[in-house]
Every structure is written in structure tokens, then in C-alpha cells.
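Participant: Below you'll find the structure I mean.
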Amino acid sequence: MFDHISLRVGDLAKSRTFYLAALAPLGIGLVVDLSGSAAFGQAGRARFWLGRDGQNSAGVHVAFAALDRAAVRAFYNAALSAGGTDNGAPGLRPRHHADYYGAFVLDPDGHNIEAVCRNHED
């Protein structure tokens, strides 16, 4: 379990716009908006920070919990519409867990961003 995660991004405005769209279906919104950073979370609690310092974080994979499989699909579609790149369409990933349903998108900086639901659904 984590308290928060921070990513360095190349273009804060572009990344802010991407994450506003991609995380909305998961109930995650912008809670801090400063000149050099932005943070997303729920109920006013900042848990996912973006910062601009001239270098991108490399090789980052972040998985966000989704309430259901419909939210995973909505995340995937919103992320692609916001400029993300497909890195794994929504679907079951039984190699992780029998009910592991996830979708993967590369953000504007190439970070592997996932939404996952572990609930059993027909």
C-alpha cells in the first residue's frame, strides 16, 4: 500500500490534461494545481503527483484500482481519447489472478498506466 507516488513529466500541462481525462472514470480528480506540480486523488487527498523538473521518470508502471470492469473500459477509452497510446486493451489477465481485469495505456511521457479490477463479473 502506498501513501503517494510522484512522476516527473516532460510537459506538465499536457500530462495534467491527459490525467484529468484518464482518471475521471475511476473517480480520481485534480486536488492540487501548482505552477510546477499537480496532484490527483480523492476526497481532497493527493496521492498521485506530477512534477516538471526537466527529466522524465523512466520505466514507471502505475496501476489504479477500478470499482468494476466498466470503469476499466471507461479509463482505457478516456485515456486513448486524451492522447494515450494503447499498451493492452481491457481484458482478463488470468496469469496474475483469475478475475484480474485490466487495461494499459502509455501516457504522454511513455509511463505504463493501468486500471485494474479484481472483482468477479460475468
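Participant: Just to be sure I understand: of the beta bridges DSSP finds with both ends in segment 5-117, what percent are antiparallel, rounded to 5?
Facilitator: Of those bridges, close to 70 percent are antiparallel.
Participant: Taking only Cα atoms, what is the 0 to 90° angle, nearest 10, from helix 12-23's long axis to the longest principal axis of the chain?
Facilitator: 20
Participant: Rounded to the nearest 500, what is the chain's calculated 222 nm mean residue ellipticity when only DSSP H runs of at least 4 contribute -39500 (n - 2.57) each, over all residues?
Facilitator: About -6500 deg cm²/dmol.
Participant: A follow-up question, please. Cα axis of helix 69-81 to longest principal axis of the chain: angle in degrees, 0 to 90, nearest 10?
Facilitator: The angle comes out at about 40 degrees.
Participant: Report P(r) for segment 5-117: all Cα-Cα distances, bin width 5 Å, range 0 to the bin holding the largest distance, values in whole percent.
Facilitator: Bins of 5 Å from zero give 2, 13, 23, 26, 19, 11, 4, 1, 0 percent of pairs.
Participant: Hey, what did segment 5-117 get for relative contact order, percent, Cα under 8 Å, at least 6 apart?
Facilitator: Relative contact order for segment 5-117 comes out at 28 percent.
Bear in mind these aren't lab numbers, they're just calculated from the coordinates by the rules spelled out. Source: prediction; values computed, not measured.
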